[in-house]
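What follows is a short report on a single structure.
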Amino acid sequence: MKTALNYLKIPTIMNCNGKLIDLSKPRVMGILNITPDSFYDGGKYNTGTTILNRVRQMHAEGADIIDIGAYSSRPGAQHITAEKEWDRLAEVLELLRKEKPDMLISVDTFRAEIAKRAVQEYEVDIINDISAGEMDRQMFATMAELNVPYIIMHMKGTPQSMQQNPVYKKDVVFEVMDFLAEKKRQLSLMGVHDVIIDPGFGFGKTLEHNYALMNRLNQLKILELPMLVGVSRKSMIYKLLGGSPQEALNGTTALNMMALQQGANILRVHDVKEAGECVRIFNAVSVL
């Protein structure tokens with residue numbers, strides 16, 4: 001059944017450093033963690049060979065975007081310096097730009113200086129900021145200068161503190177929407193219009209918060225911005241079903257389909273093949 005939310009005008013064409021991506025059909029973003037301590041695959045991709053093999057695999061499986069993270073944002077992760085983050089990142093960007101110069105690359109960072117260097121020195125196409133400018137007050141001005149799409153995520157606290165008894169005064173969905181709406185307003189005033197929202201599953205949210213957010217995800221359409229959803233192998237799955245991140249693929253696929261049905265434009269995932277199959281099935285049903 002169609003509601004008023006179905007008729008909102010959500011922009012679907014993003015200019016990624018001169019490369020256009022159409023989000024009118026859902027896209028898959030493959031995760032490349034180059035940190036030693038990420039919750040699922042930390043330390044797995046730590047040499048040029050393993051990194052390139054992983055990127056080739058994700059590309060072959062249909063990844064539209066590769067999202068590179070050099071700062072672990074898992075709950076309680078160790079804080080590292082900007083120098084350390086850049087050292088990890090620059091070497092990988094050098095490899096990938098030589099391997100696949102036309103690939104859409106996103107960099108997962110909350111630091112303005114990292115975002116600026118990534119775009120200016122390696123022509124990175126998208127910046128993915130888990131803090132939506134909260135952890136570096138220079139980020140919004142930097143994004144206005146860089147003029148590439150900017151993913152803003154809702155997070156309560158920091159990676160080091162976010163899961164220490166997160167509490168919402170009213171309603172988690174309302175508070176997430178309110179936060180993202182204010183960020184959209186600020187960015188618009190600064191001339192940043194290619195913005196993608198991420199509700200931030202698992203970032204300062206209890207199990208109940210996460211499922212309430214998934215249940216009403218389509219309400220975020222009122223912001224009239226494309227939406228990224230990242231639930232891949234997260235604790236909201238295995239804390240409910242039992243097991244570990246290694247056993248959470250089936251739950252991930254179930255939640256990815258729910259997210260697509262409620263308007264997600266990008267799925268950020270570890271398992272590109274399975275997410276791509278989910279998108280194909282969703283697209284086939286959507287045309288009927």
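What do you reckon, is Pro159 under 21 Å from Arg268 (Cα atoms), modelled with pLDDT under 95 and either surrounded by fewer than 18 Cβ atoms within 10 Å (Cβ to Cβ) or not β-branched (Val, Ile, Thr) (or both)? The answer is yes for Pro159. Take the residues of segment 138-193 that are in a helix (DSSP H, G or I) and among the aromatic types (Phe, Trp, Tyr): which is nearest to Thr206 (Cα to Cα)? This residue is Phe174. Residue pairs whose Cβ atoms lie under 6 Å apart, sitting 6 or more positions apart in sequence or on different chains, and linking a residue in segment 44-68 that is farther than 19 Å from Leu228 by Cα and part of a loop (DSSP other than H, G, I, E, B) to a partner that is open to solvent by less than 60 Å² (accessible area, probe 1.4 Å) and of a type outside the set (Phe, Trp, Tyr), are Tyr45/Ile34; Tyr45/Ile51; Tyr45/Arg54; Glu61/Val272. Taking each residue of segment 132-147 that is free of Cβ contacts under 8 Å to residues at least 60 places away in the same chain and closer than 11 Å to Glu113 by Cα and looking for partners that are open to solvent by less than 20 Å² (accessible area, probe 1.4 Å) and part of a loop (DSSP other than H, G, I, E, B) with beta-carbon atoms closer than 6 Å, six or more apart or interchain, yields Asp136/Phe110; Met139/Gly133; Met143/Val192. Only one entry of Val172, Val167 meets the criterion of being of a type in the set (Val, Ile, Thr), out of contact with any strand residue (DSSP E or B) (no Cβ under 7 Å at 6 or more places or on another chain) and in contact (Cβ under 8 Å) with a residue 24 or more places away in the chain, and that entry is Val172.
Within segment 79-95, restricting attention to residues that are part of a loop (DSSP other than H, G, I, E, B) and free of Cβ contacts under 8 Å to residues at least 60 places away in the same chain, the residue that is surrounded by the fewest Cβ atoms within 10 Å (Cβ to Cβ) is Thr81.
A count restricted to segment 96-123 and to residues that are modelled with pLDDT under 95, in contact with a helix residue (DSSP H, G or I) (Cβ under 8 Å, 6 or more places away or on another chain) and surrounded by fewer than 15 Cβ atoms within 10 Å (Cβ to Cβ) stands at 1.
When Ile152 is tested against the conditions (1) touching a His at 6+ places or on another chain (Cβ under 6 Å); (2) under 18 Å from Asn128 (Cα atoms), the lone failure is (1).
The values are calculated or read from the model by the stated rules, or taken from the named source; none is laboratory data. Predicted model only: the values in this text are computed from it and were never measured. In this analysis, Cβ positions are derived from the backbone assuming ideal geometry, glycine residues included, and neighbour counts consider all displayed protein chains. For accessibility, only protein heavy atoms count, side chains too; no ligands or nucleic acids. Shrake-Rupley method; radii C 1.70, N 1.55, O 1.52, S 1.80 Å.
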